[in-house]
1. Using the charge dipole of the chain (Lys, Arg: +1 at Cβ; Asp, Glu: -1 at Cβ; taken about the Cα centre), state which of F37, T25, M55 has its Cα farthest towards the positive end.
2. Calculate, in nm to one decimal, what S31 and M12 gain on full extension: separation in residues at 0.36 nm each, minus their alpha carbon distance.
3. Please go through the range 10-82 and write out the trypsin sites (Lys or Arg not before Pro) that DSSP classes as loop and that have at most 16 other C-beta atoms within 10 Å.
4. So, R0 is 25 Å and r is the distance between the beta-carbons of A56 and D19; what FRET efficiency does that work out to, to 0.05?
5. Determine the share of the chain's accessible area contributed by carbon and sulfur atoms, expressed in whole percent, with a 1.4 angstrom probe.
6. Heavy-atom accessible area of L20 with all protein chains present, probe 1.4 Å, nearest 10 Å²?
7. What accessible area per residue comes out for the range 22-82, rounded to a whole number of Å², with a 1.4 Å probe?
8. Can you give the accessible area of I26, probe radius 1.4 Å, in Å² rounded to 10?
Amino acid sequence: MEDKYLMESLLMSTKGVCDLYMHGTIESNTSNVYEAFEKALCEELAIQDEIYKKMAEKGWYPTEQAGQQKIDMVKQKYAVQI
């Protein structure tokens, strides 16, 4: 179980870094800074994806398929707000 908690911690940290890089990209005011943050964000997203895949393989990140009824409800909810 220690491996699971370590992987969860890595995933959460990686998601936090992605958030920081995304905001850096959005807020950058020169093309050089933008490109540096964008490159770092893409690399970090790839790392996050690998961590997720390894966790999913081991059953440590269970997901469920959304039913069509749930999808339709969400579509309807946001269609009304537009």
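The values are calculated or read from the model by the stated rules, or taken from the named source; none is laboratory data. Treat the numbers as computed from the prediction; the structure is a model and nothing was measured. When we count neighbours, we look across all protein chains shown, and the Cβ atoms used for this are built from the backbone with ideal geometry, even at glycine. The protein model used for the area step is the full one, side chains on, heavy atoms only, and it has no ligands, DNA or RNA in it. Shrake-Rupley method; radii C 1.70, N 1.55, O 1.52, S 1.80 Å.
1. After comparing all options, I get M55.
2. Values: separation 19, 0.36 × 19 = 6.84 nm, distance 2.89 nm.
Residue separation times 0.36 nm, minus the Cα-Cα distance, leaves 3.9 nm.
3. Here the trypsin sites (Lys or Arg not before Pro) that fit, given the DSSP loop and packing criteria, are K58.
4. Numbers: r = 21 Å, r/R0 = 0.85.
For R0 = 25 Å, the calculated efficiency reads 0.75.
5. Details: 3880 of 6810 Å².
On the chain, the fraction of accessible area on carbon and sulfur atoms equals 57 percent.
6. About 120 Å², ignoring ligands and nucleic acids.
7. Values: 5220 Å² over 61 residues.
Computed with neighbouring chains in place, this is 86 Å² per residue.
8. Using a 1.4 Å probe on the heavy atoms, I get roughly 110 Å².
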